[in-house]
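Participant: Quick one: the structure is below, questions incoming.
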Amino acid sequence: MKDRNVHDESLHPETMAVIAGRPDRAPGGPLNAPLVPASTYHHGSELVYARDGNPGWQALEDALGELEGGHCVTFASGLAATTAILDELPSNAKVIAQRAPYYGVAELLRERAGRGLIELETHADLTADSLGRTVEGATLVWIESPTNPMLDVVDLPAVIAVAKQAGAMVAVDNTFASPFGQTPLTLGADLVVHSVTKLIGGHSDLLLGAVIAADPAFHARLLHRRQSTGATPGVLEAYLALRGLRTLPARFERMQATARDLAARLDGHPGVSRVRYPGSGTIISFETLGSADDAEAVCGAAQLIVHATRLGGVESTMERRARYASEQAVGTPETLIRLSVGLEHVDDLWRDLERALTAVQP
Ligand SMILES: *Cc1c(COP(=O)(O)O)cnc(C)c1O
């Protein structure tokens with residue numbers, strides 16, 4: 001892949017987020033990669049038709065690739081990115097995954113297993129030990145850490161080492177941690193997947209996904225897969241996602257600080273029976289006292305926090321996840337509320353949560 005911007009390796013990720021994926025500095029040239037709406041190109045280069053590529057996708061891919069330390073391909077959504085990887089597997093490939101990854105990924109895996117395309121094995125708690133017992137013959141180990149919405153954390157270095165030793169490929173869904181929480185390729189993973197829709201986009205206005213591959217040959221296969229399936233991102237979406245990425249470090253830091261504070265306060269609240277927060281990141285899942293209806297009432301009673309699905313935006317959102325049958329199927333507790341912490345002031349958020357939690361006050 002052509003490297004449009006070669007950067008000093010010693011630069012920090014915060015700096016890379018600002019400078020990567022820019023056009024060359026030319027007198028009179030724009031600072032930002034221009035938005036190029038085009039369904040076709042003049043003949044004479046490898047860019048022929050819109051499915052082949054777009055300068056705006058390339059700019060976003062350059063930046064995300066730099067931050068994760070690999071070669072990036074963007075897709076129409078996180079699930080389109082996931083599908084592209086699964087489409088690359090040989091028939092009857094053995095795939096190992098957690099029992100409860102993001103429900104959309106779980107459904108893709110289950111559906112393929114049901115049609116006999118893959119042999120799926122799931123682990124309730126994916127550890128180096130549990131993987132070691134069953135990894136033989138595996139083609140792909142799919143890891144999500146922390147998981148959505150249970151916030152289970154996998155010991156990435158240990159689990160990746162066991163998978164690699166057995167010759168399996170490792171993909172890590174890094175949506176919840178973002179490249180500022182962890183960079184799985186530096187821990188030995190082969191592929192990183194992002195729902196760019198979430199933290200990277202960050203403003204609840206786009207759907208986009210990405211895969212970052214360590215191996216340039218696998219990257220080339222994914223580019224071809226995107227071209228052949230047409231799971232291409234929108235041009236505006238790619239522009240907005242790169243704009244979001246520029247401020248991700250600052251947003252992530254502030255949202256994480258607020259989440260840490262709120263997790264501690266929720267832990268001491270009499271209406272809350274359990275708080276799941278891994279100590280880092282911007283998402284908190286907590287269980288309330290009372291019934292599923294009571295937990296729904298908490299979500300409905302919030303006035304500042306938005307009652308909606310979706311996470312990673314500047315606005316805080318919360319939702320009782322077991323409202324979906326597909327979440328119940330993977331064992332998500334009835335009263336578990338997933339809270340995505342945004343950029344509002346921590347005291348305003350806490351006042352809103354306290355007010356909402358009166359719905360389950362003992
Ligand atoms: C949302 C999400 C996805 C799916 O991404 P889309 O962009 O919605 O297709 C995959 N993994 C995780 C962890 C997610 O939160």
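Participant: Could you please find all residues in the stretch 325-352 being surrounded by 16 or more Cβ atoms within 10 Å (Cβ to Cβ), in contact with a helix residue (DSSP H, G or I) (Cβ under 8 Å, 6 or more places away or on another chain) and among the small types (Gly, Ala, Ser)?
Facilitator: 342
Participant: Being more than 13 Å from the ligand (Cβ to nearest atom), within 15 Å of the chain's Cα centre (by Cα) and either assigned to a helix (DSSP H, G or I) or among the hydrophobic types (A, V, I, L, M, F, W, C) (or both) is the filter here; which residues of the stretch 155-181 pass it?
Facilitator: If the condition is that a residue be more than 13 Å from the ligand (Cβ to nearest atom), within 15 Å of the chain's Cα centre (by Cα) and either assigned to a helix (DSSP H, G or I) or among the hydrophobic types (A, V, I, L, M, F, W, C) (or both), then 180 is the only one that fits.
Participant: Still on this structure, please answer the following. For the stretch 264-306, which residues satisfy the criterion of being within 21 Å of the chain's Cα centre (by Cα) and outside any strand (DSSP E or B)? Spell out the reasoning first.
Facilitator: Within the stretch 264-306, the first condition is being within 21 Å of the chain's Cα centre (by Cα), and the residues that meet it are 276-286, 306.
The answer is 277, 278, 279, 280, 281, 282.
Participant: Also, quick follow-up: Check the stretch 140-147 and report whether any residue there is among the polar types (S, T, N, Q), within 15 Å of the ligand (Cβ to nearest atom) and within 26 Å of residue 249 (Cα to Cα).
Facilitator: yes
Participant: Within the bounds of the stretch 51-71, is there any residue that is more than 15 Å from residue 192 (Cβ to Cβ), more than 16 Å from the chain's Cα centre (by Cα) and within 16 Å of the ligand (Cβ to nearest atom)?
Facilitator: yes
Participant: Continuing with the same structure: For the stretch 72-115, name all the residues that are away from the ligand (no atom under 16 Å from the Cβ) and more than 27 Å from residue 217 (Cα to Cα).
Facilitator: Matches in the stretch 72-115: 114, 115.
Participant: Looking for something at pLDDT 95 or above, away from the ligand (no atom under 16 Å from the Cβ) and either assigned to a helix (DSSP H, G or I) or not assigned by TED's automatic domain parsing to the domain that holds residue 343 (or both) - is there at least one such residue anywhere in the stretch 200-211?
Facilitator: No, the stretch 200-211 contains no residue that is at pLDDT 95 or above, away from the ligand (no atom under 16 Å from the Cβ) and either assigned to a helix (DSSP H, G or I) or not assigned by TED's automatic domain parsing to the domain that holds residue 343 (or both).
Participant: Do you know which of the residues in the stretch 310-324 that are assigned to a strand (DSSP E or B) and within 13 Å of the ligand (Cβ to nearest atom) is surrounded by the most Cβ atoms within 10 Å (Cβ to Cβ)?
Facilitator: So the residue we want is 319.
Participant: Same structure, new question: I need every pair where a residue in the stretch 315-342 that is in the same structural domain as residue 260 (by TED's automatic domain parsing) and under 16 Å from residue 101 (Cα atoms) has its Cβ under 8 Å from the Cβ of a residue that is aromatic (Phe, Trp, Tyr) and not in a loop (DSSP other than H, G, I, E, B), sequence separation at least 6 or different chains.
Facilitator: 324/103; 326/103; 327/103; 329/103; 330/103; 336/286
Participant: Further, regarding this structure: Would you mind stating whether residue 279 is closer than 29 Å to residue 154 by Cα, of a type in the set (Gly, Ala, Ser), within 15 Å of the ligand (Cβ to nearest atom) and touching a residue at least 12 places away in the same chain (Cβ under 8 Å)?
Facilitator: No; evaluated as a whole, the condition is false for this residue.
Participant: Something else: Filter the stretch 182-198 for residues that are near the ligand (Cβ under 9 Å from one of its atoms) and either of a type in the set (A, V, I, L, M, F, W, C) or modelled with pLDDT under 95 (or both) and give the result.
Facilitator: Result: 193, 196.
The values are calculated or read from the model by the stated rules, or taken from the named source; none is laboratory data. Keep in mind that what you see is a predicted model, and the values were worked out from it rather than measured. Neighbour counts run over all protein chains shown; Cβ positions are idealised from the backbone, glycine included.
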